[in-house]
Each structure stands twice: as structure tokens, then as C-alpha cells.
2 protein chains.
Amino acid sequence: MSRFANAFGPHRPEATYVAHAFPEQTLDTGEVSMNYAVAGSPDKPALLLIPGQSESWWGYEQAMPLLAEHFQAFAVDLRGQGRSTRTPRRYTLDNMGNDLVRFVDGAIGRPAIVSGLSSGGVLAAWLSAYAKPGQVRGAHYEDPPLFASEVNPACGPSLRQSVGSMFALWSKYLGDQWSIGDWEGMVAAAPRELPAWLAALLSAMAGPEPAQNLKEYDPEWARAFWSGTVAASCDHASLLTSVKVPVLLTHHFRRVDEATGQLLGALSDVQAARVCALLASAGCDVDYQSFPTMGHSMHGQDPRLFADTLARWAATLPKPL
Amino acid sequence: MSRFANAFGPHRPEATYVAHAFPEQTLDTGEVSMNYAVAGSPDKPALLLIPGQSESWWGYEQAMPLLAEHFQAFAVDLRGQGRSTRTPRRYTLDNMGNDLVRFVDGAIGRPAIVSGLSSGGVLAAWLSAYAKPGQVRGAHYEDPPLFASEVNPACGPSLRQSVGSMFALWSKYLGDQWSIGDWEGMVAAAPRELPAWLAALLSAMAGPEPAQNLKEYDPEWARAFWSGTVAASCDHASLLTSVKVPVLLTHHFRRVDEATGQLLGALSDVQAARVCALLASAGCDVDYQSFPTMGHSMHGQDPRLFADTLARWAATLPKPL
């Protein structure tokens, strides 16, 4: 058995979690015990923060005091992240999105602005299309892999042509719910099984034991993306034509490698343009902002710029009724 | 082009719908305009009625006055049924179940007893496992194809070994959203493409034009079941181990053909026993009642027995807090 087999997850809290600067609490959604933290006072506009894949709520920890100047910010762990429940074979955008619908009802209790990074940005898009009427005032998609996290996208590079092989590697060596936990095997396999740019990315996190964020991550997420099940009933193009609220799309570093067609980044320029076109066709106001030298997580890399960008856009939104 | 291509659905209301004895109204869930009818007064316990596949809310029309003696009964059209919205490529148990979660919140507004027939019975099971805390007081599964509507069930005959080829036929000749509409071709193909018992069932509905209930049905439902996408993220065995409320399971006519192993009926005896065992292992009170000479829809065939059976069981449920 591998050294880290079944080592991490809510059943092994001492081995998995660390302390944080904000108190954590949970909401029972019915299926999931959803962990979250709050910053800011309730007289400010409500903001729901949705972490990316292999991130937990505390990916926003540095940004939250800055956001609290403008918002009451709720940062969550999605199912399969952080301290929230693992739900084997039930990791879909629709299920995660509906968890957030219940969270807005049960924990926030008023219309909210939503902002999500990466896969969380796709979920911000989901909420902007499919939440209950009046729940979402506006949605910030932070460097979201729209189209690029699908196995058969309507536009541009697919998951396999971007970060997919990283998810395949995680899934294979770590296993659903860390059932395999072969960290050393994964690190050793990376140069063989990943393209050079992803191998370099992985070697940056390849210490003797998994980084804190990966301990808190259910690797079944990776399988759900690599296999396509996560979005099987939620085509991104259809989703974007159903969006009903104003959108801020921030687009960070990206490059399409000319030799291989591989996308280095979350979504290509042609995909971002297609997102904007579909949103416009749905009648949505879209604010597209390009940050071509910014890493994937602006809220992690430059929390001040993130808070300012979000607050400036949020100030343009219609007030809730 | 076939005679009934694109002939039916919410975009062609005059061609599709007929008048009913109860007024109809809609709830906007965010993604779906959900059509429903109500009978009974609000001082009685709330009851949510979930029709089966190829049924609409008015499948309960005869039962509703009898149910109104005991309940305030809400009968709905699910997405892809009756007057509710069609949602191409988004017909999953999880999405339909979450529509009902929003319906309980938005239209019923208090804890409800749920009763569903057939696929609606599987959704009653879904709600008994995955609804918000406190939404569901108890669940009646009326002849539900638990396991038997899965393509790869944990127990007993699969969809292909029961009614699956009927769904394959509907999907092929009628098409998603009635896009093909080749009714004559379907009727002609039935003896070739269906086992004898299903061909006999189909010939009973094979008039010169589709029966009223089929006009109101999106044949993409059939494709979602035949392909397995409807339950791809919702394994029935896992679902049953998550049920949290008392259950009434009524089991109607069934027979396993000895020559072919085909299941004639909604679920076999071994499947019903497995349902009860999993519910018991989850700590649920299960009332199993066998009606071996009853057709698939007791509420259609014997509304009085249906209302009495449901009311008698409902009287045993704990009162809501």
C-alpha cells in the first residue's frame, strides 16, 4: 500500500487540515455538509467566493480582509474540497451548482454577487445561468476554463489539449478519495506522462509530501474532469446562452503553443471571444478584462488588484430589488 | 419530413395541450418554467405528486379530488413533460430532483410528503435522499424502476432487460423534442424492434396519431434513459443508502420471463427486496406493500385505492416541527 493511501480527507481531520485566520462553520445542504468562512459585515453587498480545482476556501484568505472593505464575503469549500463532504461518483457541475443555490438560500439569505476561479469560475457561470430567480446579482468569472475544461468543446482547445493530462495523472496515482495515495509514484511518473510545461508545473509542487491544498482535495474531481462526467449534462455553450445577469470575465496568462496546439492557460483568446459573443447574444452585459501577465489566480497572486477590480465592477451592478 | 416532425411541445401549445378540470399555473425555477396544478386546502398536509415517464400532471386528475380529502396536493410537470420547459441534454435525475427542491421551496413553502410513479418514484427516492433538510416528511415510491431503469444496475434486470427497447424505439423514431416525429415509422417498426410483450403494449397506443400523453412528452427523456445519461451521476444503490425519511414502497405487477430473463414490470422481487434492505441499512422505516395484480399506475387505475393507501400511510408519519 502506498504511503499516503486513504491518508487525507474529512475522515482524517488531524492529518488533513490546518488552522486559519477566519472561523469556519458548516451548512447542511441535505446531501453535503458545506464548510465556509465569512469576512465583512452584513450591511455590505453579499459576495460568494468559489475556489478553483485543488483549492479550498482559504485560497481567498489573503484577499478576504481587502474584500471585507466592500463586501460581506462568503468563501466555501465545494463538495470534495477542504472540509466539505466527499460525494463519490456525484461530482458534476449541476450538483455543485445546486449546492451553491442551497448555500445562497441557507447561509447568505439575500441576493449575492458571485466570483469563482477556474472550475469555480465555470460554477459562477453556472449560477449566472441556472440559479433561482433573483439569487445572483452578477457573476465574475476569474480565468475560467470555459470550453477548455470540456472533453468535446464547441470551441477551441479541449481539456486534453490543455491541463487534462495533469488531471489524468492525479486521478491515476492518487485515486478517488486518496484511495491510492502513491505520491512518490506520481512525482516519478510526471516527466513521462505529462507534457514538459505541465511536468514543470508539477515539479514545483513535488515535495516529500503533498502540498496542503492537495491534501484537502478529492482526486475524484480530476477523474470527473478527465473523463468528462463533470460536464456531461452541462454543455458550456448551452450554459452561456442561458446567462441572465451581468458578467465580469477576467482573462489571465494564456498562450497556444504553435508546435503542439496545446493551450498553456485556462482559456484561449478564441474561447474568451466566443464566451463574450454567446453572453452578448443572451443579452448580458459583459465586462471583459485581459490580464495577460497575471497567473491563474489573481486573488492569490495579487489580492489587492483582485479586490479593487471586483469592487469597481460590482459598483456598476443594479441594486437588488 | 415526417408528418409529426416538431409538431408537439410548448412551442406548439394549440397542437399539444387540452383543457383540464384544475387550473394550471407555473413556477419559474430559474432554468425551468414548471407547470403544476393544486387540489385541496392549505390546512391539510402538503403532498407533491411526481408523474412517471410519458405522463403529465393530469395523470393524477382522477385521483386529485380523492387526495384532496386528506392533502393539499401539488401535481407537477417535470422538465420535458406537459407544459414545462424542454431542456435539451440536461435530463438527469439530479437536475429533475433539484427542480423539485426549488418547487417545494417556491410553490409549496412547507414540508411535504412526496409520491411519484415510475421514474417519478425514482425522483421521490432522490428527494428522500438529497432534498434540503426538513423539506420531505416521507416518500411514497409508486412502482419505481429502482435498479431496473439503470443501464448497469447493482442488482437485478437492467433497463435493456426490461422496457429499454421501448425507449430506444421512441428516441429513434420520434427524436429529441419531436424533431423526427415519424409516428407511422415507429408503429411499423415496433414488431421488428421490440420484444413481443412490449410490441403488444405499444400496439395498444398505436392510433393514427400519438396519444395525448405522448404529445406532451419530450422523447429526449427516452434517449436519456436508454443511453444511461439520466442516472450517470446518480447510482441507485448509493442513493438508497442516503435516504433519510420514512418510505412507502408499493410494488405492482411484475414477472420475470423464464425463457429470456426479461422483466415484465417496473422492478423485480429481488430488486424490491434489495431496495428495502438498503433503506433499512440506512435506518429508514420502510412500509413495503405488494399489489401483484395492479397495473403500473395505481393512481390511474384505482384512484380510490391509491388515495386510501397513501392517506393511511401518511397518517403514521411524524408531524413536521
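Some observations on this one:
- Listed here are the helices (runs of 4 or more DSSP H) enclosed by region A:257-319 that have at least 1 residues being within 19 Å of A:Ser162 (Cβ to Cβ) and either in contact with a Pro (Cβ under 8 Å, 6 or more places away or on another chain) or among the acidic types (Asp, Glu) (or both): A:269-281.
- Residue check, B:Ala139 more than 11 Å from chain A (Cβ to nearest Cβ) and farther than 21 Å from B:His296 by Cα: no
- Number of the exception - A:Thr229 against (1) of a type outside the set (A, V, I, L, M); (2) away from chain B (no Cβ under 13 Å); (3) touching a residue at least 60 places away in the same chain (Cβ under 8 Å): (2)
Residue-by-condition table, conditions (1) farther than 24 Å from A:Gly97 by Cβ; (2) out of contact with any Ser or Thr (no Cβ under 6 Å at 6 or more places or on another chain); (3) within 14 Å of chain B (Cβ to nearest Cβ); (4) free of Cβ contacts under 8 Å to residues at least 24 places away in the same chain:
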position: A:Asp235; (1), (2), (3), (4): no, yes, yes, no
position: A:Pro246; (1), (2), (3), (4): no, yes, no, no
position: A:His252; (1), (2), (3), (4): no, yes, no, no
position: A:Gln262; (1), (2), (3), (4): yes, yes, no, no
position: A:Leu267; (1), (2), (3), (4): no, yes, no, no
position: A:Gln271; (1), (2), (3), (4): no, yes, no, no
position: A:Arg274; (1), (2), (3), (4): no, yes, no, no
position: A:Ala277; (1), (2), (3), (4): no, yes, no, yes
position: A:Ala280; (1), (2), (3), (4): no, yes, no, yes
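- In region B:179-206, the residues that are buried (at least 16 other Cβ atoms within 10 Å of the Cβ) and of a type in the set (D, E, K, R): B:Asp182, B:Glu193
- Output for region A:52-108, where each listed residue is among the charged types (D, E, K, R) and under 22 Å from A:Ala125 (Cβ atoms): A:Glu55, A:Asp77, A:Arg79, A:Arg90, A:Asp94, A:Asp99, A:Arg102, A:Asp105
- For the residues B:Leu127, B:Leu117, B:Leu100, the requirement of being surrounded by 23 or more Cβ atoms within 10 Å (Cβ to Cβ), hydrophobic (A, V, I, L, M, F, W, C), more than 21 Å from B:Gly30 (Cβ to Cβ) and touching a Leu at 6+ places or on another chain (Cβ under 9 Å) singles out B:Leu117.
- Against the list (1) within 15 Å of the chain's Cα centre (by Cα); (2) surrounded by fewer than 22 Cβ atoms within 10 Å (Cβ to Cβ), the condition A:Tyr60 fails is (2).
- You will find that of A:Ala204, A:Ala139, A:Ala222, A:Ala148, the residue that is at pLDDT below 95, closer than 29 Å to A:Ala73 by Cβ and within 21 Å of the chain's Cα centre (by Cα) is A:Ala204 and no other.
- Complete set of residues in region A:224-241 that are surrounded by fewer than 17 Cβ atoms within 10 Å (Cβ to Cβ) and farther than 21 Å from A:Ser268 by Cβ: A:Ser227
- For region B:52-87, the tally of residues that are in contact with a Gly (Cβ under 7 Å, 6 or more places away or on another chain) and within 16 Å of B:Ala107 (Cβ to Cβ) stands at 4.
Here is a yes/no grid of residues against (1) part of a strand (DSSP E or B); (2) within 14 Å of another protein chain (Cβ to nearest Cβ):
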| position | (1), (2) |
| --- | --- |
| B:Glu14 | no, no |
| B:Gly30 | no, yes |
| B:Leu48 | yes, no |
| B:Trp58 | no, no |
| B:Phe74 | yes, no |
| B:Asp94 | no, yes |
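- Subset of region A:207-223 [free of Cβ contacts under 8 Å to residues at least 60 places away in the same chain and either surrounded by fewer than 17 Cβ atoms within 10 Å (Cβ to Cβ) or among the polar types (S, T, N, Q) (or both)]: A:Gly207, A:Pro208, A:Ala211
- Among residues of region B:63-88, those that are of a type in the set (Val, Ile, Thr) and within 15 Å of the chain's Cα centre (by Cα), counted: 1
- Residues of region B:32-46 satisfying the condition of being assigned to a loop (DSSP other than H, G, I, E, B) and within 14 Å of chain A (Cβ to nearest Cβ): B:Val32
- For the residues A:Arg83, A:Arg160, the requirement of being away from every other protein chain (no Cβ under 14 Å), surrounded by fewer than 24 Cβ atoms within 10 Å (Cβ to Cβ) and not in a loop (DSSP other than H, G, I, E, B) singles out A:Arg160.
- Taking every residue in region A:168-180 that is part of a loop (DSSP other than H, G, I, E, B) and pairing it with any residue that is crowded, with 21+ Cβ neighbours inside 10 Å, at least 6 positions away or on another chain, the pairs with Cβ-Cβ distances below 8 Å are A:Gly175/A:Gly181; A:Gly175/A:Pro219; A:Ile180/A:Tyr173; A:Ile180/A:Leu174.
- Residues located in region B:96-110, provided they are within 7 Å of chain A (Cβ to nearest Cβ) and among the basic types (Lys, Arg): B:Arg102
The values are calculated or read from the model by the stated rules, or taken from the named source; none is laboratory data. Quick caveat, the model's predicted, so the values are computed rather than measured. Positions of Cβ are backbone-derived with ideal geometry, glycine not excepted, and every protein chain shown enters the neighbour counts.
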